[in-house]
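J.: Encoded as structure tokens, here's the structure I'll be asking about.
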Amino acid sequence: MASTLIVDQIQKTGGSTTALTLPTSNASASQYLQNDGAGALSWASVASAGFHNVKFITTSTNPVALTAGTTLIVVEVLGAGGCAGGANNVGAYGGCGGSGGYSMQQLTVVDSDEFNVTIGAKGTETGTRNGGDTTFAQVTGSSLGSTITAGGGVAGTNPPGGSGSHEAGGTGGVVTNANSGNKININGSDGAVGARDKNGPSTRWGTGGVLQATGTTAGGNAVGYGGGGGDSSGVNMNGGDGGDGLVVIWEYK
């Protein structure tokens, strides 16, 4: 026949150990018994650790708050891509746009830290041709020493007129990140010299513009984020647009 022992406390016979007072309620699944150092026992849950959230920021946001419990982040900062030069005559090609610069930084944070994010705008033949800079800056807290700037790619050169010209591609965006610690900084790729079927450079988060056909065709627009615009062909055709900038924040407990 089974026996049942019902007690409120457990204490070793002899010695000077403190009596252990048992919890007054049942445990939930997967909880463990912990001691407060004074003999009171209670049920506790194992704290979660590791990755727990990601933020994709595609529009300028001031400020960006971290998710509660975050102790470490990996932030990716990507500049916008430049547009390609247009085609203004048969056999005249503008250069492809440069892609945006890219920076990745690991930071130890507290969850009350806040940051300002400015997203660079893509370069377009009908607007601002160069891609805009994307920045990541501290608002509150001290986890980030200086602003991270991923420069926008420069637009490809437009042909001066006439036929037979193959113009220079735009240079890639330049990264400025003076912070110490675990990081990588990669300047954007230069756009190709203008020629038939030239594609804009791609990035980790986007694909450069692709010319879909020969003949009278506008340049291909970059897809996703940070890529350079693709070349065009024909008469009075715009070069392809670049891709907008991006910030991604990976949060860990």
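The values are calculated or read from the model by the stated rules, or taken from the named source; none is laboratory data. Keep in mind that what you see is a predicted model, and the values were worked out from it rather than measured. Note that each Cβ is placed from the backbone with ideal geometry, even for glycine, and that neighbours are counted across all protein chains shown. To get the accessible areas, we keep the full protein, side chains included, count just its heavy atoms, and leave off ligands, DNA and RNA. Shrake-Rupley method; radii C 1.70, N 1.55, O 1.52, S 1.80 Å.
J.: What does the charge count near residue 175 come to, summing +1 for each Lys or Arg and -1 for each Asp or Glu among other residues with Cβ under 14 Å from its Cβ?
T.: 0
J.: Now a separate question. Using a Förster distance of 45 Å, how high is the FRET efficiency between residue 51 and residue 3, based on the Cβ-Cβ distance and rounded to 0.05? Could you put the intermediate results ahead of the total?
T.: Details: r = 48 Å, r/R0 = 1.06.
E between residue 51 and residue 3, to the nearest 0.05, is 0.40.
J.: Name the residues whose placed amide hydrogens come within less than 5 Å of the amide hydrogen of residue 206, ignoring near sequence neighbours (fewer than 5 apart) on the same chain.
T.: The answer is 225.
J.: Ok, one more. Based on the Cβ-Cβ distance of residue 13 and residue 40, what FRET efficiency does E = 1/(1 + (r/R0)^6) give at R0 = 30 Å, to the nearest 0.05? Please list the in-between numbers first.
T.: Numbers: r = 21 Å, r/R0 = 0.69.
Once the sixth-power term is evaluated, E becomes 0.90.
J.: For segment 46-158, what is the percent of antiparallel DSSP beta bridges, rounded to the nearest 5? Present the calculation step by step, with values, prior to reporting the outcome.
T.: Details: 18 of 18 bridges.
Approximately 100 percent, going by the DSSP bridge assignments.
J.: Per residue, how large is the accessible surface of segment 124-253? Use a 1.4 angstrom probe and give square angstrom. Show your work: numbers first, answer last.
T.: Details: 5720 Å² over 130 residues.
On a per-residue basis, 44 Å².
J.: Moving to a separate point now. For the chain, what number of Lys pairs, 8 or more residues apart or on separate chains, have alpha-carbon atoms under 23 Å from each other? The partial results should precede the final answer.
T.: On the way: 55/122; 55/183; 55/253; 122/198; 183/253.
Within the chain, the lysine pair count is 5.
J.: Scan around residue 93 for amide H atoms under 5 Å from its own, H built in the peptide plane at 1.01 Å from N, and keep only partners 5 or more places away or cross-chain.
T.: Amide H neighbours of residue 93, under 5 Å, 5+ apart: 165, 166, 167.
J.: So, counting K/R as plus one and D/E as minus one, what does the shell of residues with Cβ under 14 Å around residue 166 add up to?
T.: Working: positive: 196, 198; negative: 167, 197, 231.
In short, -1.
J.: Something else now. Rounded to whole Hz and in sequence order, give me ³J(HN,Hα) for segment 114-130 from the Karplus expression 6.51 cos²θ - 1.76 cosθ + 1.60, θ = phi - 60°, writing x for Gly and Pro.
T.: Karplus-based 3J(HN,Hα) across segment 114-130 equals 10, 9, 9, 10, 10, 9, x, 8, 4, x, 10, 5, 9, x, 6, 6, 7 Hz.
J.: Test of understanding: extend the Cα→C-beta vector of residue 235 to 7 Å, then name every residue of segment 72-93 with backbone N under 13 Å from that spot.
T.: Inside the label zone: 88-92.
J.: So who's got an amide H within less than 5 Å of the one on residue 170, skipping anything under 5 residues away but keeping other chains? H placed 1.01 Å off N, in plane.
T.: 96, 97, 98, 156, 157, 191
J.: Can you tally the net charge around residue 211? Count Lys and Arg as +1, Asp and Glu as -1, for every other residue whose Cβ sits under 9 Å from the Cβ of residue 211. Don't skip to the end; give the middle numbers.
T.: Values: positive: 196, 198; negative: 197, 231.
So the surrounding residues net to 0.
J.: About the Cα centre of the chain, what is the dipole size in debye to 20, counting +1 per Lys and Arg Cβ and -1 per Asp and Glu Cβ, all else neutral?
T.: Details: 9 positive and 15 negative charges, 55 e Å.
For this selection, approximately 260 debye.
J.: Also, quick follow-up: Which percent of the accessible heavy-atom area of the chain goes to carbon and sulfur, probe 1.4 angstrom? The partial results should precede the final answer.
T.: Numbers: 6290 of 12360 Å².
Here carbon and sulfur together make up 51 percent of the probe-accessible area.
J.: Using θ = phi - 60° and the Karplus relation 6.51 cos²θ - 1.76 cosθ + 1.60, list the HN-Hα couplings for segment 32-43 in order, rounded to whole Hz, with x at every Gly or Pro.
T.: Computed from phi, the couplings for segment 32-43 are 10, 8, 10, 10, 7, x, 10, x, 7, 9, 8, 8 Hz.
J.: For mean projected area of the Cα convex hull in nm², pick the label among [x] 15.8; [y] 18.7; [z] 21.5 that corresponds to the value derived from the coordinates.
T.: [z]
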